[in-house]
1. Return the total of residues in the range 49-87 being at pLDDT below 95 and of a type in the set (S, T, Y).
2. Could you please give the count of residues in the range 91-117 that are hydrophobic (A, V, I, L, M, F, W, C) and part of a loop (DSSP other than H, G, I, E, B)?
3. Quick one: is R77 of a type outside the set (A, V, I, L, M), part of a strand (DSSP E or B) and either touching a helix residue (DSSP H, G or I) at 6+ places or on another chain (Cβ under 9 Å) or under 19 Å from F19 (Cα atoms) (or both)?
4. Please find, among A151, A134, the residue that is of a type outside the set (V, I, T) and surrounded by fewer than 19 Cβ atoms within 10 Å (Cβ to Cβ).
5. What is the residue count in the range 92-103 for residues that are in contact (Cβ under 8 Å) with a residue 12 or more places away in the chain and either exposed (fewer than 13 other Cβ atoms within 10 Å of the Cβ) or aliphatic (A, V, I, L, M) (or both)?
6. Check G160, G127 and return the single one that is surrounded by fewer than 19 Cβ atoms within 10 Å (Cβ to Cβ) and at positive phi.
7. Across the range 118-157, what is the number of residues that are modelled with pLDDT of 95 or more, farther than 20 Å from G96 by Cβ, aliphatic (A, V, I, L, M) and in contact with a Ser or Thr (Cβ under 9 Å, 6 or more places away or on another chain)?
8. Only one residue in P91, P63, P75, P41 is under 24 Å from G160 (Cα atoms) and not charged (D, E, K, R), so which one is that?
Amino acid sequence: MVMRDHHRSALYAAERMAFGVFDGAGPTRAARIGGVDITVPPEARFASIESICDYVDRVMAMPTVMARFPRSSAPVRVRARRGAAAATYEPGPDGGVIAIPETASGRWALRELVVLHELAHHLDDSGGAAHGAAFRGALVDLVGIVVGPEARHIYRVVFGQSGLPVR
(Lines give C-alpha, C1' and ligand atoms only; values in the text may rest on other atoms or scores of the structure.)
Protein backbone atom coordinates (compact mmCIF):
# COMPACT_ATOMS: atom_id res chain seq x y z
CA MET A 1 0.00 0.00 0.00
CA VAL A 2 1.39 3.39 -0.99
CA MET A 3 0.96 6.14 1.58
CA ARG A 4 0.00 9.61 0.40
CA ASP A 5 2.92 12.02 0.76
CA HIS A 6 1.10 14.98 2.34
CA HIS A 7 4.29 16.82 3.34
CA ARG A 8 6.23 16.64 0.08
CA SER A 9 5.72 20.21 -1.18
CA ALA A 10 6.11 21.72 2.31
CA LEU A 11 9.34 19.77 2.83
CA TYR A 12 10.74 20.88 -0.52
CA ALA A 13 9.89 24.50 0.27
CA ALA A 14 11.58 24.20 3.68
CA GLU A 15 14.66 22.64 2.10
CA ARG A 16 14.86 25.52 -0.39
CA MET A 17 14.96 27.86 2.63
CA ALA A 18 17.76 25.78 4.18
CA PHE A 19 19.64 25.81 0.86
CA GLY A 20 19.25 29.59 0.86
CA VAL A 21 20.99 29.80 4.23
CA PHE A 22 23.94 27.82 2.85
CA ASP A 23 24.00 29.73 -0.45
CA GLY A 24 23.71 33.16 1.20
CA ALA A 25 26.23 32.69 3.99
CA GLY A 26 28.86 34.84 2.27
CA PRO A 27 32.59 34.86 2.94
CA THR A 28 32.29 35.05 6.73
CA ARG A 29 29.84 32.09 6.77
CA ALA A 30 28.01 33.83 9.65
CA ALA A 31 24.24 33.62 10.02
CA ARG A 32 21.61 34.07 12.71
CA ILE A 33 19.20 31.14 12.68
CA GLY A 34 16.46 30.71 15.24
CA GLY A 35 17.99 33.38 17.45
CA VAL A 36 21.40 31.70 17.47
CA ASP A 37 24.53 33.05 15.77
CA ILE A 38 26.26 30.24 13.91
CA THR A 39 28.97 29.67 11.37
CA VAL A 40 27.33 27.97 8.38
CA PRO A 41 29.45 24.97 7.44
CA PRO A 42 30.64 24.56 3.86
CA GLU A 43 28.61 22.29 1.62
CA ALA A 44 30.25 19.94 -0.87
CA ARG A 45 29.47 20.37 -4.55
CA PHE A 46 30.09 17.49 -6.92
CA ALA A 47 31.55 17.41 -10.41
CA SER A 48 30.26 14.01 -11.49
CA ILE A 49 28.16 10.97 -10.64
CA GLU A 50 31.41 9.13 -9.87
CA SER A 51 32.32 11.67 -7.19
CA ILE A 52 28.83 11.26 -5.67
CA CYS A 53 29.28 7.46 -5.65
CA ASP A 54 32.53 7.84 -3.72
CA TYR A 55 30.91 10.31 -1.31
CA VAL A 56 27.91 8.02 -0.64
CA ASP A 57 30.24 5.07 0.00
CA ARG A 58 32.24 7.14 2.50
CA VAL A 59 29.09 8.37 4.27
CA MET A 60 27.67 4.85 4.51
CA ALA A 61 30.97 3.64 6.03
CA MET A 62 30.98 6.29 8.79
CA PRO A 63 30.74 4.59 12.22
CA THR A 64 28.22 7.19 13.44
CA VAL A 65 26.01 6.57 10.40
CA MET A 66 26.21 2.81 10.92
CA ALA A 67 25.36 3.21 14.61
CA ARG A 68 22.38 5.54 14.03
CA PHE A 69 20.82 3.85 11.00
CA PRO A 70 20.12 0.10 11.01
CA ARG A 71 19.68 0.15 7.20
CA SER A 72 23.20 1.47 6.66
CA SER A 73 24.35 -2.05 5.78
CA ALA A 74 21.89 -2.23 2.86
CA PRO A 75 23.67 -1.40 -0.41
CA VAL A 76 22.88 1.81 -2.25
CA ARG A 77 23.99 2.70 -5.77
CA VAL A 78 24.11 6.08 -7.47
CA ARG A 79 23.31 6.50 -11.15
CA ALA A 80 22.79 9.33 -13.60
CA ARG A 81 19.19 10.37 -14.24
CA ARG A 82 18.07 11.58 -17.65
CA GLY A 83 15.72 14.38 -16.63
CA ALA A 84 16.83 17.54 -14.88
CA ALA A 85 13.74 18.21 -12.78
CA ALA A 86 14.32 15.82 -9.88
CA ALA A 87 16.75 13.67 -7.96
CA THR A 88 15.13 10.44 -6.80
CA TYR A 89 15.52 7.42 -4.57
CA GLU A 90 14.27 4.04 -5.75
CA PRO A 91 14.05 1.26 -3.15
CA GLY A 92 14.66 -2.29 -4.27
CA PRO A 93 14.88 -5.80 -2.86
CA ASP A 94 18.68 -5.73 -2.94
CA GLY A 95 19.18 -2.16 -1.69
CA GLY A 96 18.38 1.14 -3.31
CA VAL A 97 19.33 3.46 -6.13
CA ILE A 98 19.84 7.21 -5.94
CA ALA A 99 19.33 8.85 -9.35
CA ILE A 100 20.88 12.29 -9.82
CA PRO A 101 20.55 14.44 -12.94
CA GLU A 102 23.90 15.35 -14.42
CA THR A 103 22.81 17.40 -17.40
CA ALA A 104 23.75 21.08 -17.54
CA SER A 105 20.25 22.03 -16.41
CA GLY A 106 20.38 19.42 -13.63
CA ARG A 107 23.55 20.73 -11.98
CA TRP A 108 21.42 22.05 -9.10
CA ALA A 109 21.32 18.44 -7.82
CA LEU A 110 25.09 18.04 -7.65
CA ARG A 111 25.16 19.35 -4.08
CA GLU A 112 25.71 17.60 -0.77
CA LEU A 113 22.34 18.48 0.75
CA VAL A 114 20.44 17.00 -2.21
CA VAL A 115 22.48 13.79 -2.05
CA LEU A 116 21.91 13.54 1.72
CA HIS A 117 18.14 14.00 1.17
CA GLU A 118 18.09 11.02 -1.21
CA LEU A 119 20.35 8.99 1.08
CA ALA A 120 17.99 9.70 3.99
CA HIS A 121 15.24 7.97 1.99
CA HIS A 122 17.48 4.90 1.83
CA LEU A 123 18.25 5.01 5.56
CA ASP A 124 14.69 5.73 6.77
CA ASP A 125 13.30 2.34 7.72
CA SER A 126 10.13 3.64 9.38
CA GLY A 127 7.78 2.52 6.64
CA GLY A 128 5.99 5.88 6.97
CA ALA A 129 5.24 8.58 4.44
CA ALA A 130 8.08 9.36 2.06
CA HIS A 131 8.57 12.86 3.54
CA GLY A 132 6.90 12.32 6.91
CA ALA A 133 8.19 13.05 10.40
CA ALA A 134 10.37 9.91 10.59
CA PHE A 135 12.02 10.70 7.24
CA ARG A 136 12.61 14.30 8.37
CA GLY A 137 14.19 12.98 11.57
CA ALA A 138 16.49 10.73 9.55
CA LEU A 139 17.40 13.65 7.27
CA VAL A 140 18.13 16.02 10.18
CA ASP A 141 20.26 13.39 11.92
CA LEU A 142 22.14 12.51 8.72
CA VAL A 143 22.83 16.18 7.91
CA GLY A 144 24.01 16.69 11.49
CA ILE A 145 26.34 13.68 11.41
CA VAL A 146 27.83 14.45 8.01
CA VAL A 147 27.77 18.25 7.64
CA GLY A 148 27.80 19.18 11.33
CA PRO A 149 25.70 20.37 14.27
CA GLU A 150 25.22 23.83 12.75
CA ALA A 151 23.61 22.24 9.69
CA ARG A 152 21.38 20.15 11.97
CA HIS A 153 20.35 23.38 13.70
CA ILE A 154 19.52 25.05 10.38
CA TYR A 155 17.32 22.12 9.33
CA ARG A 156 15.56 21.86 12.71
CA VAL A 157 14.76 25.59 12.77
CA VAL A 158 13.60 25.71 9.15
CA PHE A 159 11.44 22.60 9.55
CA GLY A 160 10.00 23.96 12.80
CA GLN A 161 9.21 27.34 11.24
CA SER A 162 7.55 25.48 8.34
CA GLY A 163 5.31 23.48 10.67
CA LEU A 164 7.05 20.21 9.84
CA PRO A 165 7.57 18.11 12.98
CA VAL A 166 10.68 15.93 13.16
CA ARG A 167 10.61 12.52 14.81
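1. Qualifying residue count for the region: 2.
2. So the count comes out to 1.
3. Values: of a type outside the set (A, V, I, L, M): yes; part of a strand (DSSP E or B): yes; either touching a helix residue (DSSP H, G or I) at 6+ places or on another chain (Cβ under 9 Å) or under 19 Å from F19 (Cα atoms) (or both): yes.
Yes, satisfied.
4. Being of a type outside the set (V, I, T) and surrounded by fewer than 19 Cβ atoms within 10 Å (Cβ to Cβ) holds for just one of A151, A134, which is A134.
5. Start the filter on the range 92-103 by keeping residues that are in contact (Cβ under 8 Å) with a residue 12 or more places away in the chain, which leaves 94-103.
From what is left, the residues that are either exposed (fewer than 13 other Cβ atoms within 10 Å of the Cβ) or aliphatic (A, V, I, L, M) (or both) are 94, 97-100, 103.
Here the count works out to 6.
6. Numbers: G160 fails: at positive phi.
That would be G127, the only listed residue that is surrounded by fewer than 19 Cβ atoms within 10 Å (Cβ to Cβ) and at positive phi.
7. The total comes to 0.
8. Details: P91 fails: under 24 Å from G160 (Cα atoms); P63 fails: under 24 Å from G160 (Cα atoms); P75 fails: under 24 Å from G160 (Cα atoms).
Residue meeting the stated conditions: P41.
The values are calculated or read from the model by the stated rules, or taken from the named source; none is laboratory data. Quick caveat, the model's predicted, so the values are computed rather than measured. Glycine gets a Cβ as well: all are built from the backbone with ideal geometry, and neighbour counts include every protein chain shown.
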